[in-house]
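Asks: Below is one structure. I have some questions about it.
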Amino acid sequence: PMSFMEACAKRYGEIFTIRLEKNSPPLVIVSNPQAQQQILTNDTKELEAPGEMNEEFESLLGKHSVITISGAEHQRQRQLLMPPFHGERMRNYSQVITDVTEQVISQYQIGKPFNIRSATQAITLRVIMQAVFGLYEGPRAEKLQHFLGDLLEKASSRLSVALLYFPALQRDFGPINFWGKQKRLQQEADELIYQEIRERREKADSSRTDILSLLMAARDEAGQPMTDEELRDELVTLLVAGHETTATALAWALYWIHKIPSVRQKLIQELGSLGDNPDPNIIFKLPYLNAVCSETLRIYPVGILTFPRVVKTPLLLGGYELEPGTVLLGSIYLTHQREDIYPEPKQFKPERFLERQFSAYEYLPFGGGARRCIGLAFAQLELKLALVKILSSRELELVNKGEVRPKRRGLVTGPDRPIEMVVTSQRQVKSPILQTTTV
């Protein structure tokens, strides 16, 4: 899709229309920042982001996911989901992220090549198991991690995405009953999730700080809690939205850091100033680390499109009159590739984020408006803390210095080939990060 969108932009400009199928509605693709601003600031007024346009994800995420619902129901769920991802709550997850990263990276032996994306996937899945589900060890934790890891790996394949977008394929085809196997795997994971929810309700513990416990304690404006089904759907949504995405971004970051020696040298130099017991709040605000993470999410954004918006009343956008019912999609990828905003956009240059500030409509790796990613602060914290832990405790090298290109992998933009790395030596491991931050 990246090369296709670039070809369309080159031929038709910064606003163009495509039709994916003969009988499907036309889609207006936008990469103009002023148009993006108009769309995202008029969210819920002249435009709406209907959950039914994401209904292809319902079979995976459920009917109550913040992604598949809209209107007042969507607003209620967002309000219930927001508190665990902001302010004081964030510091509870810093030590989990650091400890899990060390546990995973310590498994790789010096001189033995490994796929860095496999390592980053292990990190993000285990972080979710502990920070979101509150499961650290035990038979249920192990079984659920196994089922969810398997489910997510299968869900990111091209076939799985095709099954989501084309419901006619969601049936038994005899020996190649891929859909049936996928659903059974999902049912087994669901049984474990519901067991955990039931036990938590029976043995309420107000001292727990994992996201499941916080969501169970949350109440809406009417004083009502989430139902078991709503909890299940939001947990799976957080898993799907926060696992593959952050794992892929972390893998890309490690690739670029070790691909360009000057980037690695500057970053190691900045990390050297941290000293022992670095506060996660200081890590989160490190200028060059932030620039590296920002450029990673710019050059190959993990999500290449915003959620669709539908025009409610006649709208003038970029000189075009759009009728009600017109579907709009912001192209995050094309916006991030604009030469007028990002000179030499194909080059990885963290310095561009030190030289100027970009608006929320020029740089939008987490989308925007009413459907902006709810876990963006958590994702940024995890990306930065995991990078610091890896880089401050291990010397890594790329096995193959050749270029890696972006390629669609399920619902995210992943590398087109495995990124193999090797641990060449261990650094002196610093003391554990203190849990004294507010992000």
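Asks: Among the listed residues Gly325, Gly330, which satisfies the condition of being among the small types (Gly, Ala, Ser), outside any loop (DSSP other than H, G, I, E, B) and open to solvent by less than 60 Å² (accessible area, probe 1.4 Å)?
Replies: Unique residue meeting the criteria: Gly330.
Asks: Same structure again: Is there any pair with a first residue in region 384-398 that is closer than 16 Å to Ser94 by Cβ and a second that is part of a strand (DSSP E or B) and open to solvent by less than 10 Å² (accessible area, probe 1.4 Å) whose Cβ atoms are under 9 Å apart and which are 6 or more apart or on different chains, and what are they?
Replies: Ile390/Leu396
Asks: Please give the number of the condition Leu383 fails out of (1) within 28 Å of Lys112 (Cβ to Cβ); (2) open to solvent by less than 20 Å² (accessible area, probe 1.4 Å); (3) modelled with pLDDT under 95.
Replies: (3)
Asks: A further question on this structure: Within region 395-406, take every residue that is part of a strand (DSSP E or B) and touching a Phe, Trp or Tyr at 6+ places or on another chain (Cβ under 8 Å) and give me the one that is least open to solvent (accessible area, probe 1.4 Å).
Replies: Leu398
Asks: Looking at Pro301 and the list (1) open to solvent by 10 Å² or more (accessible area, probe 1.4 Å); (2) touching a Pro at 6+ places or on another chain (Cβ under 9 Å); (3) of a type outside the set (A, V, I, L, M, F, W, C); (4) assigned to a loop (DSSP other than H, G, I, E, B), which single condition is not satisfied?
Replies: The number of the failed condition is (1).
Asks: Among (1) within 27 Å of His74 (Cβ to Cβ); (2) among the hydroxyl-bearing types (Ser, Thr, Tyr); (3) open to solvent by 20 Å² or more (accessible area, probe 1.4 Å), which single condition is Tyr320 missing?
Replies: The single condition Tyr320 does not satisfy is (1).
Asks: Turning to a different aspect of this structure: Output the number of residues of region 58-110 satisfying the condition of being free of Cβ contacts under 8 Å to residues at least 12 places away in the same chain and crowded, with 17+ Cβ neighbours inside 10 Å.
Replies: 1
Asks: May I pose another question? Which of the residues that make up region 200-233 are of a type in the set (Val, Ile, Thr), open to solvent by 40 Å² or more (accessible area, probe 1.4 Å) and within 22 Å of Tyr93 (Cβ to Cβ)?
Replies: Answer for region 200-233, where residues must be of a type in the set (Val, Ile, Thr), open to solvent by 40 Å² or more (accessible area, probe 1.4 Å) and within 22 Å of Tyr93 (Cβ to Cβ): just Thr209.
Asks: When Ile197 is evaluated against the numbered criteria (1) more than 23 Å from the chain's Cα centre (by Cα); (2) closer than 20 Å to Arg394 by Cβ; (3) open to solvent by less than 20 Å² (accessible area, probe 1.4 Å); (4) modelled with pLDDT of 90 or more, which criterion, by number, is the only one it fails?
Replies: (2)
Asks: Which residue pairs have Cβ atoms closer than 7 Å, lie 6 or more positions apart in sequence or on different chains, and pair a first residue in region 32-51 that is within 12 Å of Val310 (Cβ to Cβ) and small (Gly, Ala, Ser) with a second residue that is modelled with pLDDT of 90 or more and outside any strand (DSSP E or B)?
Replies: none
Asks: Within region 333-379, how many residues turn out to be open to solvent by less than 50 Å² (accessible area, probe 1.4 Å), outside any loop (DSSP other than H, G, I, E, B) and among the aliphatic types (A, V, I, L, M)?
Replies: So the count comes out to 5.
Asks: Take Pro139 and decide whether it is open to solvent by 30 Å² or more (accessible area, probe 1.4 Å) and free of Cβ contacts under 8 Å to residues at least 24 places away in the same chain.
Replies: Yes; evaluated as a whole, the condition is true for this residue.
The values are calculated or read from the model by the stated rules, or taken from the named source; none is laboratory data. All values derive from a computational prediction rather than experimental measurement. Don't worry about glycine lacking a Cβ; one is built from the backbone with ideal geometry, like all the others, and counts go over all protein chains shown. All accessible areas refer to the heavy atoms of the entire protein, side chains included, with ligands and DNA or RNA removed. Shrake-Rupley method; radii C 1.70, N 1.55, O 1.52, S 1.80 Å.
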